[in-house]
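Below: the structure, in structure tokens.
Here, each number is a calculation from the coordinates, and none is a lab measurement. Not measured: the values here are computed from a predicted model. Please note: Cβ atoms are built from the backbone with ideal geometry, for glycine as well, and neighbour counts cover all protein chains shown.
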Amino acid sequence: MTLLGKSISEIHKLLTSKETSATELAQAHLSYIEKSDHLTHAFLCLTKDLALKQATEIDKLISAKKELPPLAGIPLAVKDVLCVESYPATCGSKILEGFKPIYNATSVNLLFDAGAICVGKTNCDEFAMGSSNENSAYAKVTNPWNHNYVPGGSSGGSAASVAAGFATIALGTDTGGSVRQPASLCGVVGMKPTYGLVSRFGLIALASSLDHVGPFTRTVEDTIRTLAVMAKPDTHDSTSVPQKMRTANCDMVALLNDLPKITNLKNVKIGVIEELSGEGNEKSVQKALDLAIETLKTLGAKIDKVSLPKVKYALPVYYILNPAEASSNLARYDGVKYGARDKSAQDLLSMYLSTRQSFIGSEPKRRIMLGTYVLSSGYYDAYYKKAQRVRRLLTEEFNDIFKSYDLVICPTSPTTAFKFGDRTDDPLKMYMADVASIPADLAGLPAISIPCGFDENNMPIGLQFMAAPLADRKVLEAAYAFEKATDYTKFSPMLQKYESAKT
Amino acid sequence: MEYEPVIGLEVHAHLKTKTKAFCGCPTEFGAQPNTQVCPVCVGMPGVLPVVNKAMVACAIKVGLALECTISATTKFDRKNYFYPDLPKGYQISQYDEPICRGGHITIRNRKIRIHRAHMEEDAGKLVHAGAAGLHGSDYSLVDYNRGGVPLLEIVSEPDIGSPEEARLYLTELRNILRYIDVCDGNLEEGSFRCDANVSIRPVGATKLGTRAEIKNLNSFRAVQRAIQYEIERQTTILDSGKEVVQETRLWNESDGKTHPMRSKEEAHDYRYFPEPDLVPLVIDRTWVTELSKEMPELPEVRRQRYMDNLKLSYDDAFVIVESKEMSDLFDQAVKLGASARDCSNWLIGPTLAYLREEKKEFADLALTPKNLYDLSRAVNDGAVSSTAAKQVLIELLAKKSEVATIIKDLGLAQVSDEGDLRKAVSAVLDANPSQVEEFRQGKTKVRQFFFGEIMKATKGKANPQIINKLLDELLVQAKV
């Protein structure tokens, strides 16, 4: 019997029926990763000791016939920008080499408390800046569907680890699409909840007002199960949505109970974003979108084209606000307190300069320079302040649309996975990969990417659903119904190859 | 040309909260380096700040005391610059929406307007190894205990007209902060720090001159001296036809001069922007009302009460009110029934002199309100002379005791027995016939000499009223 590629409820059954133990399950995943990750480079470090310790705890509960917590024994991979106590958190950067946090991120803590088993920390673009994982200072993650292609970014290691079956849940972070875009490119489910629904404590910040923690899973149901544990108010995060604002529309536990009732999308009004459909998309992507629209109609949804003219400003606005916040958030990596330091420097200024020059990669440097520029006196009003104003206008435009529509949709990414090196010479072309995912980050909307087809090279395509802030449930209901009505949820060939080689 | 100085002061006051501005670490001064730190206040990756409500309450109280407008909403901003004592590479401060705006302080019937007051976090402290300062040291160590301690920066309008007025402003401001118990105002420990903006302009001109910002002012005396020096420096520059350069200057206590630190061109661009890790604060009006009800009597009001009700002079009232501890003790003694005038004289005179000599704080004294009341009554009842009362007071300052006990122990009980005193007076007159003769011939000043001699002979215990009465009588009768 294979222990790999199981869903949360499947693992729960295996454990409660004692068909396997949490330790066996953890070991099976760890040995699969150890034997296969040289192909993907999805992990920066394995947390083997932690995984086995956590598994032992679960096995104790089982033998004591205690009730198991909701994620008991579930293999979990954590993006390296999220803190796991006592294990390295490099953010894919050389400047944080050797840094080990003494605390867990709140999201990680909640999953641990729910019984999840941490198998490792996943590779990503340096400080979550990138759309292809080519900006990792350690190794390039490859796409499990075809190792010549990028997995997307910045949470490429997390997306790849779920697509490969290394873990049932992987945590990623989404600032401009860093969960949804790699989910789309790797053919898995990736969700960015409403801003503030999941605590940011322990998430090493890129751009604080845009950063979200979100899960990767193979199925929508597993995403809901993960969020039911992880989407909690946190007194350590002032931007966390307080309990009194968490209405039924973002109640994941209730949604989980209601799942069997969701069989169609009758009376659901969906808008297709005109500005993000049509010519801007690759043919295969557009074709998949058209097909998805037909499926949604069959499910009973009422579909219209809607126009969001401000969406075209999302990318420029994002590339002012993101670098501005990043330039400030990355200032603490100065060689004084932790991480790397150029020890040959003779005085303070040269220590600052050479440490940051030597250990920070070129994309973070580019954003630090951009951000410093747009915040400088004399430029602040023209760039930062204006961008904030446009961000507000874009948010209002979305709010208006959501007065008439439950959801809006578009492809998660205008293209499928591209080959290594295709876009590295042209930052703007790379930035364009996030054109459809950035608007939801700017407006703080719940947004999900789910598989909706494959291109001519058998690379996955993703469909994105967005809803009004705190209407996360609507996004998940639609994605769940769509998933049930289609057959795109598949594992990458990696898992089959590994399994067949074993037997 | 005649110039007038234009002075504005920026005060950084440590707010007296149990924990830091954005984390739960203690704020006490003097702990071992880096023992009062956590991931938040050393800026570790991934951690987030959470606003300490007690800090906001302190800031609102200051706003109420200075009659500022308390903002309905206020937000925090990041002030970005690199220095090893600033672990995040930015300081959480408030830029364009401070918690308090407007307001004023009244000193000697002059209103000094307050521009604004805003909350921010303090930085850590660098310790330079092997030398007194940065220069010549082999390496530097950082102590983050102070990092994240809440500060209120209180900025005055340029309404201050002299170095003396600057000192009075600071004295009064510190006093107010102590009265409302939000800052211990300790300059040595750095809990009350001041920078001065100084410019000069021709008398009568309305346009402000170019200013210099002076830092490193570690005492009120330093503030006064540095401003005085700066006025003279700028006067010399303008008189020679040159222009004052806008710059930051450091006061050097040992040479008594200010020295350039950085010019306007080198000034930091702090790249302020709204702190995205904190949401804007909406200040609940009912909270402000509650806090305003907790406000104690402020120095200005108390001073006026001493002048109106207790008939103290402005100067006496000023000195007593300047120390909240002293003023509270004074109030309690007067409430018990002690003479306000006697108490005021004892506190301003011998008590302050004692504190200066012994280098002690008022809080260190053993003196109680009951002591003052008992002493006042003893003088009033004639049980002790006012001269001896001062001796009793000194004893009461140093150790816990009772007035009656000290009078007894030191044998200071006043002699009011006319028979005994008559003998003493006669003896002095008999022993000094030539002075008696002088008195007879109209040198009435000699009377003081007799009084002094009698006091000496009775060790200060003689009742002065009776002595005077006896002198009147016996000087006339005395034989030559």
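Numerical summary
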| quantity | calculated |
| --- | --- |
| Highest average packing first - A:210-219, A:423-432, A:361-370, Cβ atoms within 10 Å | A:210-219, A:361-370, A:423-432 |
| Beta bridges by DSSP in the protein assembly as shown, antiparallel share as percent, to the nearest 5 | 80 |
| Overall dimensions of region B:182-247 by Cα: Rg and Dmax, Å | 14.3, 47 |
| For chain A, share of DSSP beta bridges that run antiparallel, in % to the nearest 5 | 65 |
| Calculated from backbone phi, Karplus (6.51, -1.76, 1.60) coupling profile of region A:136-148 in Hz, x at Gly/Pro | 5, 6, 10, 7, 8, 6, 9, 7, x, 6, 6, 6, 7 |
| Prolate/oblate/rounded call for region A:340-418, Cα gyration tensor, a/c under 1.5 rounded | oblate |
| Within region B:46-143, GluC sites (Glu not before Pro) in DSSP loop having at most 16 other beta-carbon neighbours inside 10 Å | B:67 |
| nm² value of the averaged projected area, convex hull over the Cα atoms of the protein assembly as shown | 53.9 |
| Quotient of C-alpha Rg and 2.2 N^0.38 Å, computed over region B:3-290 | 1.02 |
| Estimated distance in nm for a label pair at residue A:343 and residue B:73, the labels positioned 7 Å out from Cα along Cα-to-Cβ | 5.1 |
| Gained length - residue B:313 relative to residue B:266, 0.36 nm times residue gap less alpha-carbon distance | 11.9 nm |
| Loop sites in region B:273-326: trypsin sites (Lys or Arg not before Pro), DSSP, at most 14 other Cβ within 10 Å | B:311 |
| Whether region B:215-329 is rounded, prolate or oblate, judged on the alpha carbon gyration tensor where a/c under 1.5 counts as rounded | oblate |
| Peptide B:36-46 - average C-beta neighbours from other chains (10 Å radius) | 6 |
| For chain B, cysteines whose Cβ has no other cysteine Cβ within reach (under 4.7 Å) | B:23, B:25, B:38, B:41, B:58, B:183, B:194, B:343 |
| Ascending count of other beta-carbon atoms within 10 Å, so fewest first, for A:450, A:270, B:237 | B:237, A:270, A:450 |
| Amide H within-cut-off set for residue B:201, under 5 Å, with H built and near neighbours excluded | B:4, B:6 |
| Proxy reagent accessibility, fewest Cβ within 10 Å first, across A:474, A:490, A:266, B:461 | A:266, A:490, B:461, A:474 |
| Candidates per trypsin sites (Lys or Arg not before Pro) in region A:65-95, loop by DSSP, up to 14 other Cβ within 10 Å | A:65, A:66 |
| Computed Kirkwood radius, in angstrom, where 1/r is averaged over Cα pairs of region B:271-334 | 14.9 |
